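*Asks:* Got a structure for you, questions after.
Rule-based calculations on the coordinates, nothing more; no lab input. Fair warning: this is a prediction, and the values are worked out from it, not measured in the lab. Quick reminder, even Gly has a Cβ in these numbers, built from the backbone with ideal geometry, and neighbours come from all protein chains shown.
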Amino acid sequence: MAPIKADETLISRLVGPRFATGKALFIAGLKQRYSATTTNAIPAQWERFLSYLGKIPGQIGRVTYGLIFNHGEGFEYLSGVEVAGCSELPPEFSCISIPLRKYAVFPHREHVSKLKETMETISEKSFPGAVAVVPGDGPCAIERYGEGFNPETGTGDIEVWVPVQPKKD
């Protein structure tokens, strides 16, 4: 994503991180490539994806995820849900296996439209005792929209999970 200057007030309001071990899971959904100038199409991707919610074979729960994969000049974004496995999914779906991994977890208390600013702020913060990692083909960040997220208001129960590893001495 193209860098933006983090707002100092956002940095001061950003809570965390807390460190957590995320379980291994499969995330299935719609995946699309973006550049810095096309990110405004992500909400439309979510609208398309939400029409599948509750009807996805093997869907587990109602927590949704936005997975971000850095790829040179642009990035890929997957809007999805946890599934039991990758078979019998609609043909337009991608399925990603995420291994058990440690994360720095940041709550996002602003409107969902401010997530880009939060991501830039997170990249400017240090991780005490850990460093951010870009795991092979895996996501470099995960947006987690919990049960308390309200898609109509764009607020509530949003977290950003960044893969980390302990610092080497």
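*Asks:* Compute the signed sum of charges (Lys and Arg +1, Asp and Glu -1) over the other residues within less than 13 Å, Cβ to Cβ, of GLU159. Let's see the in-between values first.
*Replies:* Numbers: positive: ARG18, ARG109, ARG144; negative: GLU110, GLU143, GLU147, ASP157.
Cβ neighbours under 13 Å give a net charge of -1.
*Asks:* Rounded, prolate or oblate: which fits the stretch 62-122, taking a ≥ b ≥ c as square roots of the Cα gyration tensor eigenvalues, rounded meaning a/c under 1.5, else prolate when a/b beats b/c?
*Replies:* Values: a/c = 1.80, a/b = 1.59, b/c = 1.13.
Judged from the Cα gyration tensor, the stretch 62-122 comes out prolate (a/c at least 1.5, a/b above b/c).
*Asks:* When ranked by the protection proxy of mean other Cβ atoms within 10 Å per residue, highest first, what sequence do the peptides 141-147, 85-91 form? If you can, show how the numbers build up before the last one.
*Replies:* Numbers: 141-147: 18.7, 85-91: 12.0.
Highest to lowest by the protection proxy: 141-147, 85-91.
*Asks:* Report the full-extension gain for the segment LYS116 to ALA84: residue separation times 0.36 nm, less the Cα-Cα distance, to one decimal in nm. Spell out each step's value before the answer.
*Replies:* Values: separation 32, 0.36 × 32 = 11.52 nm, distance 2.97 nm.
Computed gain between LYS116 and ALA84 is 8.5 nm.
*Asks:* On to the next question. Sorted by packing (mean other beta-carbon atoms within 10 Å per residue), highest first, where do 46-52, 29-35, 77-83, 153-159 land? Spell out each step's value before the answer.
*Replies:* Details: 46-52: 14.6, 29-35: 17.7, 77-83: 22.9, 153-159: 16.1.
Sorting 46-52, 29-35, 77-83, 153-159 by mean packing, highest first, produces 77-83, 29-35, 153-159, 46-52.
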